[in-house]
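So the structure is just underneath, and the comments pick up after that.
Only the coordinates and a few stated rules stand behind these numbers; no lab work does. Note that the structure is a prediction, hence the values are computed from the model and not measured. When we count neighbours, we look across all protein chains shown, and the Cβ atoms used for this are built from the backbone with ideal geometry, even at glycine.
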Amino acid sequence: MYLTAQGMEKLKAELEHLRTVRRQDVADRIQESRERGGTVGNAEYEEAKDELAFTEGRILTLEHIINTAVLIEEHRGRRNTVEVGCTVTVVNQQDNQTSQYTITGTAEADPASGKISNVSPIGKALLGKKLGQVTEVSVPSGKIRLEILAIE
């Protein structure tokens with residue numbers, strides 16, 4: 001799992017919040033619902049238990065990501081080869097539309113803001129390519145050809 005320093009800090013903050021705030025809030029809800037209506041047939045109690053299980057699962061997931069993540073080094077300026085952490089400007093040769101993507105790890109991917117995962121079809125197709133190269137990508141609508149215009 002690849003992460004930027006900013007992405008790592010975001011995940012650490014989420015983990016801290018889950019450990020110190022969310023876990024206690026849910027435990028309090030379990031206790032309150034147990035006191036109000038016992039445990040048998042108490043929908044509020046069951047819902048709170050499910051939420052605690054989800055919270056604990058998320059904590060384990062975040063701990064694993066944080067402990068095994070590879071930090072992406074920040075490079076300033078232009079580069080010759082697309083790597084995780086690069087911002088790549090491409091032109092779709094079919095419709096002449098220009099797009100810009102930042103290649104991230106899966107934990108930080110946000111396609112709506114131009115951050116795509118290194119394991120997404122476009123991310124995989126761009127990795128290792130050089131300035132001016134054309135790569136073909138299989139996407140849900142078919143195949144597209146992207147030419148790399150800039151790598152930062």
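Taking trypsin sites (Lys or Arg not before Pro) that fall in a DSSP loop and have at most 16 other Cβ atoms within 10 Å as cut points, what is the longest piece of the chain between them?
Answer - 1-75.
Residue exposure proxy: ILE116, ILE66, ordered by other Cβ atoms within 10 angstrom of their Cβ from fewest to most, comes out as ILE66, ILE116. Between rounded, prolate and oblate, where does region 2-71 land on the alpha carbon gyration tensor, with a ≥ b ≥ c its root eigenvalues, rounded for a/c under 1.5, else prolate if a/b exceeds b/c? It is prolate, given that a/c is not under 1.5 and a/b is the larger ratio.
3J(HN,Hα) couplings calculated from phi for region 47-63 with the Karplus curve 6.51 cos²θ - 1.76 cosθ + 1.60 (θ = phi - 60°) are, in sequence order, 5, 5, 5, 4, 5, 5, 4, 4, 4, 5, x, 5, 4, 4, 4, 5, 4 Hz; Gly and Pro show x. Magnitude of the charge dipole for region 2-71, about its Cα centre and with charges confined to Cβ atoms of Lys, Arg (+1) and Asp, Glu (-1), is about 200 debye. Centroid-to-centroid, using Cα positions, region 7-29 and region 59-127 are 27 Å apart.
Backbone amide hydrogens, once placed in the peptide plane, bring THR4 within less than 5 Å of ILE72, GLY105, excluding anything fewer than 5 places away on its chain. Neighbour counting of Cβ atoms within 10 Å sorts the residues VAL139, VAL82, fewest neighbours leading, into VAL139, VAL82. Need the list of aspartates and glutamates near LYS129 for cross-linking: C-alpha distance under 12 angstrom, and skip anything on the same chain fewer than eight residues off. Hits, sequence-local ones excluded: GLU83, GLU147.
Okay, helix-only estimate at 222 nm for the chain: each DSSP H run of n ≥ 4 adds -39500 (n - 2.57), divide by all residues, round to 500 deg cm²/dmol; what do you get?
Values: 4 runs with 60 residues, N = 152.
Calculated from helices alone, the mean residue ellipticity at 222 nm is -13000 deg cm²/dmol.
Structure remark: mean-square fluctuation, Gaussian network model of the chain, C-alpha springs under 10 Å; the largest value among GLY123, GLY132, GLY38 belongs to GLY38.
Shown in residue order for region 93-104 are the 3J(HN,Hα) couplings computed by the Karplus curve 6.51 cos²θ - 1.76 cosθ + 1.60 at θ = phi - 60°: 5, 6, 10, 6, 8, 9, 9, 10, 10, 9, 8, 10 Hz (x for Gly and Pro).
Cross-link partners among lysines for LYS10, C-alpha distance below 18 Å, same-chain residues fewer than 8 apart left out? Candidates past the 8-residue exclusion: LYS115. Write out the GluC sites (Glu not before Pro) in region 51-116 meeting two conditions: DSSP loop, and at most 11 other Cβ atoms within 10 Å of their Cβ. Here the sparse-neighbourhood loop sites are GLU73, GLU74.
What does the C-alpha gyration tensor say about the overall shape of region 87-151? Classify as rounded when a/c is under 1.5, otherwise prolate if a/b is larger than b/c, or oblate. Spell out each step's value before the answer.
Values: a/c = 1.57, a/b = 1.32, b/c = 1.19.
Since a/c reaches 1.5 and a/b is larger than b/c, the shape of region 87-151 is classed as prolate.
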